[in-house]
Amino acid sequence: MKKKVLLVGGGGREHALAWKLAQSPLLEKLYIAPGNVGMKNLGELVPIKANDIKGLLVFALEKKIDLTFVGPDEPLALGIVDEFQKAGLRIFGPSRAAAEIEASKAFSKELMAKYNIPTAQFKVFTELEPAKAYVREMGAPIVVKASGLALGKGVFVCNTTNEAEAALEEMFVNKIFGAAGTEVVIEEFLDGPEISIHVLSDGISHYLLPIAQDHKTVFEGGKGPNTGGMGTIAPVQWVTKEQLTDIEERIVKPTLAALKKEGREFCGLLFPGIMMTAKGPKVLEFNARFGDPETESYMRLLKTDLVEIAEACIDKRLGSLNIEWESGAACCIILASAGYPSAFNKGKEITGIENAEKIPGVVVFQAGTEMKDGKLVTNGGRVLAVTAHEGSLELARLTAYQAVDKINFLGKTFRTDIGKGSLKLVS
Ligand SMILES: Nc1ncnc2c1ncn2[C@@H]1O[C@H](COP(=O)(O)OP(=O)(O)OP(=O)(O)O)[C@@H](O)[C@H]1O
Ligand SMILES: [Mg+2]
């Protein structure tokens, strides 16, 4: 039977998911809430916000939606999965209790400590002065993190104790992250290349996607403040089989087992960010959904129907599903507005997407865009995700950057070194 599918979210990740879902032979109709203008030919855009759980539920019941796919973290943290399931609806994603592994860094660090899962040493604080004292005791470099959800901007990697104390004041006194920053994790600085692990779980079996790599800082070479992510590649080829086994045995399996033991069985997609340190892989954080912009690279490589994958997770038959991938590699370059992740201007006209997509292997996903007076204009920090799929990482990078050249808007900002580090580590 063909299915009516509702996709929740409206960024670059959701454009990539919509692009893939729209290709499903099982699809009767795709609704996207709220989506963005880039997705308008892939499904029907529904003007309900991703955090309006009640509104989404009423819509899903009214339209008799067969499957809901949740993109962003916020609806998961608000319990969209619990609410939909209570109403008898089928939905892909973790329950609110399981999603807490992302929504509360304090919870996730304490879970890792309890179950011996390798991560940076840490302490949790709810008051300024003891937090400052701990920073002075530990010295720099040191990392200060808002415990709650902060759009990928809640982490300060500090080179001096002064910087760390200033970050603490921003969170506790100036409350720049609101409630998300009333609890703060201070942790040991970890050194090494960073990778993104994505794991599908149905509560019984799990499946590891190819490894991806994001580039978190706004400037080349790991410089500048953290962003939601400036570009990704997949697969990452320099991780050895032994290292991957280590990640699966010491991180993935124990985390899924720990959540189950705590009565928070994880169904959906678990995404640990991992630092490959000299002392082995260590968890930087957990996310409870697909990465953005990892998904923009993944969807270019995924062969298997995404509707089928979501259905298999919901029905707890992931173990018998054969998931297939294209050969070669994908690369995604984020085009951001000048000033991001701080203040930036909106409303700048975007040109050249069509020309970019004429290059074989290129697909441009939209994140922060809108139509104004008949023109496509910028409407966010991360504006576009320019992706290429090619036979090798080297070619995928080259093609993606050729496509980037074709696109223009005032203030267009991007990193020129996406995938460069991984290329060096392989050759
Ligand atoms: N202990 C650490 N040592 C060194 N760098 C770190 C550490 N923790 C975090 N980072 C850096 O900061 C980035 C963001 O940290 P983290 O992933 O915890 O935050 P987040 O805001 O939840 O990010 P995301 O948007 O990916 O969910 C990491 O990708 C990493 O580059
Ligand atoms: Mg996170």
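Cβ-Cβ distance below 8 Å, separation of 6 or more or different chains: which pairs start in the stretch 257-269 with a residue that is within 18 Å of HIS198 (Cα to Cα) and end on one that is modelled with pLDDT under 95 and open to solvent by 60 Å² or more (accessible area, probe 1.4 Å)?
Qualifying pairs under 8 Å: none.
Within the stretch 178-197, restricting attention to residues that are touching a Gly at 6+ places or on another chain (Cβ under 7 Å) and over 18 Å from VAL143 (Cα atoms), which residue is modelled with the highest pLDDT?
SER196
In the stretch 76-91, how many residues are open to solvent by less than 10 Å² (accessible area, probe 1.4 Å) and more than 15 Å from ligand 1 (Cβ to nearest atom)?
Of all residues in the stretch 76-91, those open to solvent by less than 10 Å² (accessible area, probe 1.4 Å) come to 76, 79-81, 84, 91.
Adding the requirement that they be more than 15 Å from ligand 1 (Cβ to nearest atom) leaves 79-81, 84, 91.
Total meeting the criteria: 5.
Being open to solvent by less than 10 Å² (accessible area, probe 1.4 Å), out of contact with any Lys or Arg (no Cβ under 7 Å at 6 or more places or on another chain) and either farther than 17 Å from LEU321 by Cβ or not assigned by TED's automatic domain parsing to the domain that holds ARG250 (or both) is the filter here; which residues of the stretch 297-310 pass it?
Within the stretch 297-310, just SER297 meets the criteria.
Filter the stretch 193-211 down to residues that are part of a strand (DSSP E or B), more than 17 Å from LYS316 (Cα to Cα) and open to solvent by less than 10 Å² (accessible area, probe 1.4 Å), then give me how many there are.
Residues of the stretch 193-211 part of a strand (DSSP E or B): 194-196, 199-202, 206-208.
Right, trim to more than 17 Å from LYS316 (Cα to Cα) and you get 194-196.
Restricting the remaining residues to those that are open to solvent by less than 10 Å² (accessible area, probe 1.4 Å) gives 195-196.
Going through the stretch 193-211 one residue at a time, the tally reaches 2.
Before we move on, is PRO281 in contact with a Phe, Trp or Tyr (Cβ under 9 Å, 6 or more places away or on another chain) and either closer than 21 Å to GLY291 by Cβ or not aliphatic (A, V, I, L, M) (or both)?
Taking the combined requirement at face value, the residue does not satisfy it.
Considering MET230, MET275, MET299, which residue is within 16 Å of ligand 2 (Cβ to nearest atom) and over 23 Å from SER147 (Cβ atoms)? If you could, list the steps in order and put the result at the bottom.
Details: MET275 fails: over 23 Å from SER147 (Cβ atoms); MET299 fails: within 16 Å of ligand 2 (Cβ to nearest atom).
Step by step, each of MET230, MET275, MET299 is checked, and only MET230 is within 16 Å of ligand 2 (Cβ to nearest atom) and over 23 Å from SER147 (Cβ atoms).
Of ILE334, ILE309, ILE353, which residue is β-branched (Val, Ile, Thr) and under 20 Å from VAL81 (Cβ atoms)? Quick ask: steps written out before the conclusion?
Values: ILE334 fails: under 20 Å from VAL81 (Cβ atoms); ILE353 fails: under 20 Å from VAL81 (Cβ atoms).
None of the others qualify; the one that does is ILE309.
When residues of the stretch 288-328 are filtered for being under 23 Å from ASP73 (Cβ atoms) and outside any helix (DSSP H, G or I), how many remain?
7
Determine which single condition GLY380 fails, assuming it passes every other condition in (1) buried (at least 16 other Cβ atoms within 10 Å of the Cβ); (2) among the small types (Gly, Ala, Ser); (3) closer than 27 Å to PHE177 by Cβ; (4) over 22 Å from the mean Cα position of the chain (by Cα).
Just one mismatch for GLY380, condition (4).
Scanning for something touching a His at 6+ places or on another chain (Cβ under 7 Å) and surrounded by 17 or more Cβ atoms within 10 Å (Cβ to Cβ), does the stretch 39-52 turn up at least one residue?
Let us first name the residues in the stretch 39-52 that are touching a His at 6+ places or on another chain (Cβ under 7 Å), namely 39.
Keeping just the survivors that are surrounded by 17 or more Cβ atoms within 10 Å (Cβ to Cβ) gives 39.
Yes.
Can you tell me which of (1) out of contact with any Ser or Thr (no Cβ under 7 Å at 6 or more places or on another chain); (2) closer than 28 Å to THR413 by Cβ; (3) open to solvent by less than 30 Å² (accessible area, probe 1.4 Å); (4) within 16 Å of ligand 2 (Cβ to nearest atom) is the one ARG289 doesn't meet?
The number of the failed condition is (3).
For a quick check of your reading of the model, give me the residue pairs whose first member lies in the stretch 284-296 and is under 26 Å from VAL363 (Cα atoms), whose second is within 10 Å of ligand 1 (Cβ to nearest atom) and assigned to a loop (DSSP other than H, G, I, E, B), with beta-carbon atoms closer than 6 Å and at least 6 apart or on different chains.
As it stands, the answer is PRO293/GLY229, since those pairs meet every condition given.
Which numbered condition in (1) more than 10 Å from ligand 1 (Cβ to nearest atom); (2) open to solvent by 20 Å² or more (accessible area, probe 1.4 Å) is the only one that THR119 fails?
Against the list (1) more than 10 Å from ligand 1 (Cβ to nearest atom); (2) open to solvent by 20 Å² or more (accessible area, probe 1.4 Å), THR119 comes up short only on (1).
So which residues in the stretch 1-38 are open to solvent by less than 10 Å² (accessible area, probe 1.4 Å) and hydrophobic (A, V, I, L, M, F, W, C)?
Once the filter is applied, which keeps residues that are open to solvent by less than 10 Å² (accessible area, probe 1.4 Å) and hydrophobic (A, V, I, L, M, F, W, C), the stretch 1-38 yields VAL5, LEU6, LEU7, VAL8, ALA16, LEU17, ALA18, LEU21, LEU30, ILE32, ALA33.
Given the criteria closer than 28 Å to ILE101 by Cβ, touching a residue at least 60 places away in the same chain (Cβ under 8 Å) and open to solvent by 10 Å² or more (accessible area, probe 1.4 Å), does GLY71 qualify? Steps first, please.
Working: closer than 28 Å to ILE101 by Cβ: yes; touching a residue at least 60 places away in the same chain (Cβ under 8 Å): yes; open to solvent by 10 Å² or more (accessible area, probe 1.4 Å): no.
So GLY71 fails the test.
What residue, among those in the stretch 150-185 that are within 16 Å of ligand 2 (Cβ to nearest atom) and assigned to a strand (DSSP E or B), is surrounded by the most Cβ atoms within 10 Å (Cβ to Cβ)?
By that ranking, first place goes to VAL184.
Somewhere in the stretch 235-252, is a residue open to solvent by 20 Å² or more (accessible area, probe 1.4 Å) and closer than 18 Å to CYS313 by Cα?
No, the conditions are met nowhere in the stretch 235-252.
Given the residues LEU259, LEU269, LEU335, which is the only one that is open to solvent by less than 30 Å² (accessible area, probe 1.4 Å) and either within 15 Å of ligand 1 (Cβ to nearest atom) or in contact with an Asp or Glu (Cβ under 6 Å, 6 or more places away or on another chain) (or both)?
Details: LEU259 fails: either within 15 Å of ligand 1 (Cβ to nearest atom) or in contact with an Asp or Glu (Cβ under 6 Å, 6 or more places away or on another chain) (or both); LEU335 fails: either within 15 Å of ligand 1 (Cβ to nearest atom) or in contact with an Asp or Glu (Cβ under 6 Å, 6 or more places away or on another chain) (or both).
Testing whether each residue is open to solvent by less than 30 Å² (accessible area, probe 1.4 Å) and either within 15 Å of ligand 1 (Cβ to nearest atom) or in contact with an Asp or Glu (Cβ under 6 Å, 6 or more places away or on another chain) (or both) leaves just LEU269.
Residues of the stretch 242-265 being under 17 Å from ILE204 (Cβ atoms), touching a strand residue (DSSP E or B) at 6+ places or on another chain (Cβ under 8 Å) and of a type in the set (Asp, Glu), which ones?
GLU248
In the set GLU110, GLU83, GLU137, which member is touching a residue at least 12 places away in the same chain (Cβ under 8 Å), out of contact with any strand residue (DSSP E or B) (no Cβ under 8 Å at 6 or more places or on another chain), part of a helix (DSSP H, G or I) and more than 15 Å from PHE177 (Cβ to Cβ)? Write out each step before concluding.
Numbers: GLU110 fails: out of contact with any strand residue (DSSP E or B) (no Cβ under 8 Å at 6 or more places or on another chain); GLU137 fails: touching a residue at least 12 places away in the same chain (Cβ under 8 Å).
Going through GLU110, GLU83, GLU137 in turn, just one is touching a residue at least 12 places away in the same chain (Cβ under 8 Å), out of contact with any strand residue (DSSP E or B) (no Cβ under 8 Å at 6 or more places or on another chain), part of a helix (DSSP H, G or I) and more than 15 Å from PHE177 (Cβ to Cβ): GLU83.
The values are calculated or read from the model by the stated rules, or taken from the named source; none is laboratory data. Everything quoted here is computed from the prediction, not taken from an experiment. For neighbour counting, all protein chains shown are included, and Cβ atoms are generated from backbone atoms with ideal geometry for every residue, glycine included. Ligands, DNA and RNA are stripped out before the accessible areas are found, and what is left, the full protein with its side chains, is counted by its heavy atoms. Shrake-Rupley method; radii C 1.70, N 1.55, O 1.52, S 1.80 Å.
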